[in-house]
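The values are calculated or read from the model by the stated rules, or taken from the named source; none is laboratory data. Predicted model, so just to flag it, every value in this text is computed and none were measured. Because the Cβ atoms are built from the backbone with ideal geometry, glycine has one as well, and the counts that use them run over all protein chains shown.
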Amino acid sequence: MTPSAAAARRERAAALRQQIDQANYAYYVLDAPTISDAEYDQLFRELQSLEAEHPELRSPDSPTLRIGATPATALAKHTHARPMLSLANAFLPEELLAWEDRNARLASGVRTAGYALEIKIDGAAVSLTYEDGRFLRGTTRGNGLVGEDITPNLRTIHDIPLKLTGPNHPALMEVRGEVYLPFRNFERVNREREEAGEPVFANPRNSASGGLRALDPEVTRRRRLRMFAFTVEVIEGEPVATTQHGLLDRLEHWGFQVEPHRSRATTMDDVQEKVAELASVLPRLPFAADGVVVKVDRLSLQAELGTISDREPRWAIARKFAPEIAVTKLRKIHINVGRTGALSPWAELEPVELAGVTVSRATLHNEDVIAQKDIREGDWVEVVRAGEVIPQVLGPVRARRDGTEKPFHMPHHCPACGTPAARVEEEAVRYCPNAACPGRVLEGIVHYAGRGAMDIRGLGYERVRQLLDAGLIHDIADLYKLKAGRLVELDRFAEQSAEQLVQAIANSKAQSLSLLLFGLGIRHVGKQVAQTLARHFGTLDALMAASREDIDEVPGVGSTIGDAVADFFSDARNRRLMERLRTAGVNFTEPHLAPGDGPLAGLTIVLTGTLPGLSRTKATELIESAGGRIASSVSKKTSFVVAGDEAGSKLDKAKKLGVEILDEAELLRRLGRSP
């Protein structure tokens, strides 16, 4: 290797990093792309290739470090150089006035020093350490004093500069910000989770928080998180500004995204006016926000006012608002037929802006809720979104009724096939019992192909609907007869995509029995129950031959699930379907797992809610490999419950029975995976 060749490579790598950084800044910060995606990909791949062949060329701030980090086994703890504080809340204008009065008694000049206002992002707070302008470390807020090191995950977020632009930054500092998930990305994430058979996130904040604390940075990268920076803690060096407003300008100059609706107010009267203006902006934002943060603008006054017990600053407060409710007209109530045959009513609405998106449909839950609230077609209704996946109809505005509204009656026959609908006595849902119902078939095939089941890539709703309309398939067994030559005759099928789909279908034959059982869409059989049944019986033939009592007695199953499974396999049509799957070569067995003798040997564990860093599948795998057994319900025999976000009745029952409750961090410690 000649010196000139080595120098040329260094120069080229440096030039590529500069071009990519400039492109990222233009795209993510200025929202004004300067090059096409193809040009960006070409530059990125060239830099990746250079660094792979010559590792000495990789710098700590290389944009290639935003991907490809090795998954962690646990998150290391990190003590913040300065505490990360929480904010006090004000829900009324009078509470803002009282806040100013308290501050004015502690420091002179408060009323005339001015205020900085910023939209309050509903996300997850992080702290980013920069040394000599380079990103060194990133952590979660944690308890405010100690957080968790999530540096590899934060590198995947393009709003976080790996190297600061511009001069005049302190030698060592912590930049604080809020990581969030835009509504568009949130809806995409939940669609993917639903297709994979995983529980959806209740709101963007939970999804952002879970993505940040994932043990695999690839999980974080796929979420496509964003971040707004809002303050700086200088550890070594000179102050960077004299006002909060100036500090935000400096952060923007360094390459950070800063909340674009920030403003400055001279007096509290100005603050109240601007807060009212910003309140009308919140519903149109493309991300979740729940208020406005008001800060004393002058940084010297912030220091003088100080904090309350290292918990919250006196110089800042969050002016919060109630969840937004929109009023619109309910045009019609429709019925969706799910994969298990459940008939679910939903509302077709006149489009209305709500929480940053245009809403035209909303859930109505079930017929009992509709009757209880007396919701009618043609009603003006209140709709709330508040970050939920699907907007909900709260109820009718009865004062606006004019007599043209029509009471709703749940159909007694399936709207998709005309089969009489059945309703179990203690349930609020009617079901179509016809396994060949077109509505059930569509939903069932999509579910069967989902990533949480048989994982047939490229087989979503549109593809399945296209294959059904063309008469190429009628059920899941027909998938295994598809030929690439026939697929290319359809619209939007090229030779390559046809061959890829046929290969993906063929690959699915090797999936385990537990995934097949989940993919079949048997009522009450989720992923966990499917795994329990598969591991207990070992083969599909053994399960099909089992009596109702045999199935009921499987630990963690119970009579409701046992009845549903027994009924499914006693149906002659379903048994014929199983034989066709067997003929196609689909695997009917579950890999044998030897009983574990690890730290959880002999323990029965229940998982509930969404864990921040572990998927349900991964948590189950870790527990079972350590000798534990996963159960689907809580009883006195339960050893402990692992609870995450949005935990529901299982957590309540555990508390009632006095069953021990753990969070993810404690579970990892018991598994011997703590740092």
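Looking at the stretch 356-377, is at least one residue farther than 30 Å from Glu95 by Cα, surrounded by 19 or more Cβ atoms within 10 Å (Cβ to Cβ) and touching a Gly at 6+ places or on another chain (Cβ under 8 Å)?
There is at least one residue in the stretch 356-377 that is farther than 30 Å from Glu95 by Cα, surrounded by 19 or more Cβ atoms within 10 Å (Cβ to Cβ) and touching a Gly at 6+ places or on another chain (Cβ under 8 Å).
Looking only at the stretch 524-533, decide whether some residue is surrounded by 16 or more Cβ atoms within 10 Å (Cβ to Cβ), among the hydrophobic types (A, V, I, L, M, F, W, C) and at pLDDT 90 or above.
yes
Determine if the stretch 270-293 includes at least one residue that is hydroxyl-bearing (Ser, Thr, Tyr) and under 20 Å from Leu85 (Cβ atoms).
No.
Results for (1) under 27 Å from Leu225 (Cα atoms); (2) in contact with a Lys or Arg (Cβ under 8 Å, 6 or more places away or on another chain), shown as yes or no for each residue.
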{"position": "Gly291", "(1), (2)": "yes, yes"}
{"position": "Leu299", "(1), (2)": "no, no"}
{"position": "Lys320", "(1), (2)": "yes, yes"}
{"position": "Lys332", "(1), (2)": "no, no"}
{"position": "Ala362", "(1), (2)": "yes, no"}
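Any residue at all in the stretch 136-154 that is closer than 24 Å to Thr242 by Cβ and acidic (Asp, Glu)?
Let us first name the residues in the stretch 136-154 that are closer than 24 Å to Thr242 by Cβ, namely none.
Scanning the stretch 136-154, I find no residue that is closer than 24 Å to Thr242 by Cβ and acidic (Asp, Glu), so the answer is no.
Take Gln503 and tell me if it is outside the structural domain of Asp563 (by TED's automatic domain parsing) and either without any contact (Cβ under 8 Å) to a residue 24 or more places away in the chain or not in a loop (DSSP other than H, G, I, E, B) (or both). Break it down stepwise before answering.
On the way: outside the structural domain of Asp563 (by TED's automatic domain parsing): no; either without any contact (Cβ under 8 Å) to a residue 24 or more places away in the chain or not in a loop (DSSP other than H, G, I, E, B) (or both): yes.
Spelling it out, it is not the case that Gln503 is outside the structural domain of Asp563 (by TED's automatic domain parsing) and either without any contact (Cβ under 8 Å) to a residue 24 or more places away in the chain or not in a loop (DSSP other than H, G, I, E, B) (or both).
Within the stretch 92-202, which strands (runs of 3 or more DSSP E) (wholly inside it) include 3 or more residues that are at pLDDT below 90? Show your work before the answer.
Numbers: elements: 115-121, 124-131, 134-140, 146-148, 172-180.
Output list reads 146-148.
Any residue in the stretch 51-66 that is in a loop (DSSP other than H, G, I, E, B), surrounded by 14 or more Cβ atoms within 10 Å (Cβ to Cβ), modelled with pLDDT under 80 and among the hydroxyl-bearing types (Ser, Thr, Tyr)?
Scanning the stretch 51-66, I find at least one residue that is in a loop (DSSP other than H, G, I, E, B), surrounded by 14 or more Cβ atoms within 10 Å (Cβ to Cβ), modelled with pLDDT under 80 and among the hydroxyl-bearing types (Ser, Thr, Tyr), so the answer is yes.
Looking at Val641, Val634 in this structure, which one is part of a strand (DSSP E or B) and either not assigned by TED's automatic domain parsing to the domain that holds Leu611 or not acidic (Asp, Glu) (or both)? Talk me through it step by step, then tell me what you get.
Values: Val634 fails: part of a strand (DSSP E or B).
Criteria check complete, one pass: Val641.
Say whether the condition of being free of Cβ contacts under 8 Å to residues at least 40 places away in the same chain and within 30 Å of Gly144 (Cα to Cα) is met by at least one residue in the stretch 336-348.
Looking for residues that are free of Cβ contacts under 8 Å to residues at least 40 places away in the same chain and within 30 Å of Gly144 (Cα to Cα), one finds none in the stretch 336-348, hence no.
Output the residues belonging to the stretch 636-657 that are in contact with a helix residue (DSSP H, G or I) (Cβ under 9 Å, 6 or more places away or on another chain) and loosely packed, with under 15 Cβ neighbours inside 10 Å.
Passing the criteria: only Lys636.
Looking at Pro433, is it closer than 14 Å to Ile335 by Cβ and surrounded by fewer than 22 Cβ atoms within 10 Å (Cβ to Cβ)? Please lay out each step first, then the result.
Numbers: closer than 14 Å to Ile335 by Cβ: no; surrounded by fewer than 22 Cβ atoms within 10 Å (Cβ to Cβ): yes.
It is false that Pro433 is closer than 14 Å to Ile335 by Cβ and surrounded by fewer than 22 Cβ atoms within 10 Å (Cβ to Cβ).
Only one of (1) touching a helix residue (DSSP H, G or I) at 6+ places or on another chain (Cβ under 7 Å); (2) over 20 Å from Ile522 (Cβ atoms); (3) in a helix (DSSP H, G or I) is not met by Ala619, so which one is it?
(1)
For the stretch 578-591, does any single residue satisfy the condition of being of a type in the set (Asp, Glu) and under 33 Å from the mean Cα position of the chain (by Cα)? Before the answer, list the steps.
If we filter the stretch 578-591 for residues that are of a type in the set (Asp, Glu), which is where we start, we get 579, 590.
Subsequent filtering for residues that are under 33 Å from the mean Cα position of the chain (by Cα) retains 590.
Scanning the stretch 578-591 turns up at least one residue that is of a type in the set (Asp, Glu) and under 33 Å from the mean Cα position of the chain (by Cα).
Say we look at the stretch 99-115 and pick out the residues that are without any contact (Cβ under 8 Å) to a residue 24 or more places away in the chain and surrounded by 12 or more Cβ atoms within 10 Å (Cβ to Cβ); which of these is farthest from the chain's Cα centre (by Cα)?
To start, the set of residues in the stretch 99-115 that are without any contact (Cβ under 8 Å) to a residue 24 or more places away in the chain comprises 101, 104-105, 108.
Now restrict to residues that are surrounded by 12 or more Cβ atoms within 10 Å (Cβ to Cβ): 101, 104.
Values: Asp101: 41, Ala104: 43 Å.
In this case the residue turns out to be Ala104.
Give just the number: which of (1) in contact (Cβ under 8 Å) with a residue 24 or more places away in the chain; (2) surrounded by fewer than 17 Cβ atoms within 10 Å (Cβ to Cβ); (3) more than 26 Å from the chain's Cα centre (by Cα) does Pro167 not satisfy?
So the condition that Pro167 fails would be (1).
Evaluate the stretch 399-412: report whether one residue or more is modelled with pLDDT under 90, hydroxyl-bearing (Ser, Thr, Tyr) and more than 30 Å from Pro433 (Cβ to Cβ).
no
Give the residue, chosen from Val271, Val240, Val275, that is assigned by TED's automatic domain parsing to the domain that holds Glu118 and at pLDDT below 90. Reasoning before the result, please.
Values: Val271 fails: at pLDDT below 90; Val275 fails: at pLDDT below 90.
Unique residue meeting the criteria: Val240.
Tell me which residues, restricted to the stretch 332-345, are within 21 Å of Ile445 (Cβ to Cβ) and crowded, with 17+ Cβ neighbours inside 10 Å.
Hits for the stretch 332-345 are Ile335, Val337, Gly338, Arg339, Thr340, Gly341, Ala342, Leu343.
From Glu621, Glu660, grab the single residue that is touching a residue at least 12 places away in the same chain (Cβ under 8 Å), loosely packed, with under 15 Cβ neighbours inside 10 Å and acidic (Asp, Glu). Can you show your working first?
On the way: Glu621 fails: touching a residue at least 12 places away in the same chain (Cβ under 8 Å).
The match here is Glu660.
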